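Heads up, the thing below is written out as structure tokens.
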Amino acid sequence: MLEALGAYSVDSVEAADVVVFMTCCVREAADVRLYGQVASMKNIPLREGTPLSKRIVAVGGCIGQRDGQELVDKMPHLDVVFGTHNLASLPTLLTEAVQKGGHRVQVLESSTEFPTDLPTQREHEWAAWLPITIGCNNFCSYCIVPYVRGREKSRTIEDITEEAQRYVDAGVTEITLLGQNVNSYGRDLYGEPRFAQILKAVAGTGVKRLRFATSHPKDLSDEVIALFGELPCLMPALHLPVQSGSNRILKEMNRRYTREHYLELIRKVREVRPDIALSTDIIVGFPGETEEDFQQTYDLVKEVGYGQVFTFIYSKREGTPAAKMEDDTPREVIQERFDRLVELVQAQAYEQNQKDADATVEVLVEGTSKRDANLLVGKSPKNQTVHAPIPEGRTIDELAGTYVSVKVDTARTWYLSGTVVD
Ligand code: SAH
Ligand code: SF4
């Protein structure tokens with residue numbers, strides 16, 4: 001959209017006439033950072049030769065949606081605010097700000113179109129993210145997402161399949177389907193979830209690798225689980241956020257499943273795909289979490305054996321039900337639990353990677369290592385990062401976006417390394 005206006009991207013704020021912040025407000029840290037960064041724009045001089053009399057600064061996304069006018073009240077040098085539902089208005093808002101000056105604040109209640117109807121540019125020509133739903137209906141008690149992204153809306157099966165086919169025809173070999181809860185895809189359109197149909201339809205485009213995120217345990221169906229054994233393109237990796245291992249806390253979180261149900265899902269998934277790599281999200285320090293509750297989370301992690309765990313310290317979000325819950329656990333206690341969990345998670349990631357310590361894995365090459373330009377870096381089917389020396393006579397430009405076989409010889413916590421054999 002910005003390129004259509006004649007804009008192009010630059011590497012530094014100093015060189016930019018227009019700065020657009022796309023924001024997240026899931027946790028407080030991002031909030032704090034945004035205010036600091038927008039404030040700092042004032043002190044950075046404009047580049048020489050710019051036709052503008054001031055740098056145009058815009059804030060969009062979830063914080064824009066939540067705070068709207070308040071942002072310009074607090075930061076008068078901010079020019080444009082837009083929300084999650086009107087990304088399409090950004091070019092108009094920026095143009096008006098340049099031509100007429102003053103503040104342009106536009107935040108809508110709900111979306112009229114899917115973001116994918118807008119022009120897109122992909123980071124890699126061989127991989128695509130494909131949103132199948134936007135919004136969320138789950139209202140987990142700690143989470144701000146439903147308030148800033150609106151109710152869950154699904155795109156039609158035809159739309160999604162057509163887009164996926166277009167990507168595959170253009171050379172994309174890896175598609176990741178996206179939604180806050182992909183498992184409930186279609187409920188709003190068809191009266192029942194149709195995520196399994198979407199997986200089959202997208203597999204039918206001939207895509208080599210298919211992934212999805214995020215999957216809510218309360219809606220993960222046996223039909224979807226079975227597809228891990230039926231669709232060769234469906235990669236053996238499942239991100240299934242558990243959040244807590246304590247039934248009492250899960251209830252307070254409004255997650256609508258139990259520890260037992262979750263563990264049963266894991267058992268079923270492993271029955272279908274014994275080699276599957278599992279990952280999860282966990283919140284430590286939810287209001288009222290006791291040592292016993294935490295211990296249940298710790299034990300669950302130990303029992304499942306994850307390849308990767310995203311750990312978060314609970315962050316109070318105003319406007320959510322959890323923000324009103326009594327929260328008197330001392331910060332140090334929460335931090336100590338968090339550190340204990342991270343230690344376990346790292347040991348587990350190492351242990352899981354050992355399973356592939358002398359495997360041969362197919363790797364989708366993404367580029368070279370930041371530390372060593374002679375090493376190629378890519379992803380295994382389980383989504384592990386894999387390093388290998390670039391074979392003699394080959395260049396990264398010809399390898400990027402292709403698949404190579406790597407014979408692994410070393411498995412570490414965060415990556416596998418080996419040599420290209422094919
Ligand atoms: N829809 C996805 C996740 C979206 S947010 C799902 O339900 O799994 C990504 C992760 O951020 C969540 O899984 C949760 O672990 C974490 N998160 C959300 N709100 C949070 C909060 N208030 N404090 C700490 N972590 C939070
Ligand atoms: Fe937030 Fe829960 Fe929706 Fe995920 S499912 S986005 S955690 S409300």
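Taken together, the values in this text are just the output of simple stated rules run on the coordinates, not laboratory data. All of these numbers come straight from a predicted model, not from anything done at the bench. Virtual Cβ from ideal backbone geometry, glycine too; neighbours counted across all protein chains shown.
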Practice task
Take His124, project a point 7 Å from its Cα along the Cβ direction, then tell me which residues of the stretch 403-422 have their backbone nitrogen under 19 Å from it.
Solution key: 403-408, 414-422
Fill in the blank from the handout: Output row, site Lys407, 7 Å Cα→C-beta label point, backbone N cut-off 12 Å, window the stretch 347-390, residues 358-361
Practice task
Evaluate the distance, in nm, between pseudo-label points positioned 7 Å from the Cα of Met325 and of Asp275 along their respective Cα→Cβ axes.
Solution key: 4.0 nm
Handout entry: Ranked by how many other beta carbons lie within 10 Å on average, peptides 349-359, 2-12, 306-316 from highest
Key = 306-316, 349-359, 2-12
Problem - Label-point gap, in nm, between Val26 and Lys370 - each point 7 angstrom along Cα→Cβ - result: 2.0 nm
Completion exercise
Here, chymotrypsin sites (Phe, Trp or Tyr not before Pro) of the stretch 90-179 satisfying both criteria (DSSP loop; at most 16 other Cβ within 10 Å) are Phe139
Fill in the blank from the handout: In terms of the charge dipole of the stretch 1-93, which places +1 on Lys and Arg and -1 on Asp and Glu at the beta carbon, the residue among Gly64, Met22, Ala88 farthest towards the positive end is Gly64
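Using Cα-Cα distances under 8 Å and only pairs 6 or more residues apart, what relative contact order does the chain have, in percent?
Working: 771 pairs, mean separation 39.9, N = 422.
RCO, the chain: 9 percent.
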Practice task
Would you compute, from DSSP H runs of 4+ residues alone, the mean residue ellipticity of the chain at 222 nm, taking -39500 (n - 2.57) per run and dividing by the full residue count, rounded to the nearest 500?
Solution key: -9500 deg cm²/dmol
Practice task
Assuming a ≥ b ≥ c are the square roots of the Cα gyration tensor eigenvalues, decide whether the stretch 48-120 counts as rounded (a/c under 1.5), prolate (otherwise, with a/b larger than b/c) or oblate.
Solution key: oblate
Completion exercise
Beyond 18 Å (Cα-Cα) in this structure, taken from Lys208/Lys382; Lys218/Lys251; Lys153/Lys268; Lys208/Lys379, we find Lys153/Lys268
Completion exercise
Along the dipole axis of the chain (charges at Cβ: +1 for Lys and Arg, -1 for Asp and Glu; origin at the Cα centre), the most positive-end residue among Thr50, Thr112, Leu231 is Thr112
Exercise for the section: Would you work out the charge dipole size for the stretch 1-122 about its Cα centre, treating the Cβ of every Lys and Arg as +1 and the Cβ of every Asp and Glu as -1, and quote it to the nearest 20 debye? Expected result: 220 debye
Exercise for the section: Set Lys and Arg Cβ to +1 and Asp and Glu Cβ to -1, take the dipole of the chain about its Cα centre, and tell me which of Ile396, Asn374, Ser221 lies farthest positive. Expected result: Ser221
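Taking R0 as 25 Å, what's the FRET efficiency between Ser221 and Glu260 from their Cβ-Cβ distance, rounded to 0.05?
On the way: r = 17 Å, r/R0 = 0.70.
FRET efficiency, Ser221 to Glu260: 0.90.
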Exercise for the section: Evaluate the charge dipole of the chain about its Cα centre and quote only its size in Debye, nearest 20, assuming +1 on the Cβ of each Lys and Arg and -1 on the Cβ of each Asp and Glu. Expected result: 400 debye
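With +1 on the Cβ of every Lys and Arg and -1 on the Cβ of every Asp and Glu, and nothing else charged, how large is the dipole of the stretch 333-422 about its Cα centre, in debye rounded to the nearest 20?
Values: 10 positive and 14 negative charges, 45 e Å.
Its charge dipole is roughly 220 debye.
When DSSP assigns beta bridges and you keep just the ones with both residues in the chain, what percent turn out antiparallel, to the nearest 5?
Working: 21 of 56 bridges.
Taking every DSSP beta bridge within the chain, about 40 percent pair in antiparallel fashion.
Normalising by the residue count of the stretch 383-422, find the relative contact order in percent from Cα pairs under 8 Å and 6+ residues apart.
Details: 52 pairs, mean separation 19.9, N = 40.
50 percent.
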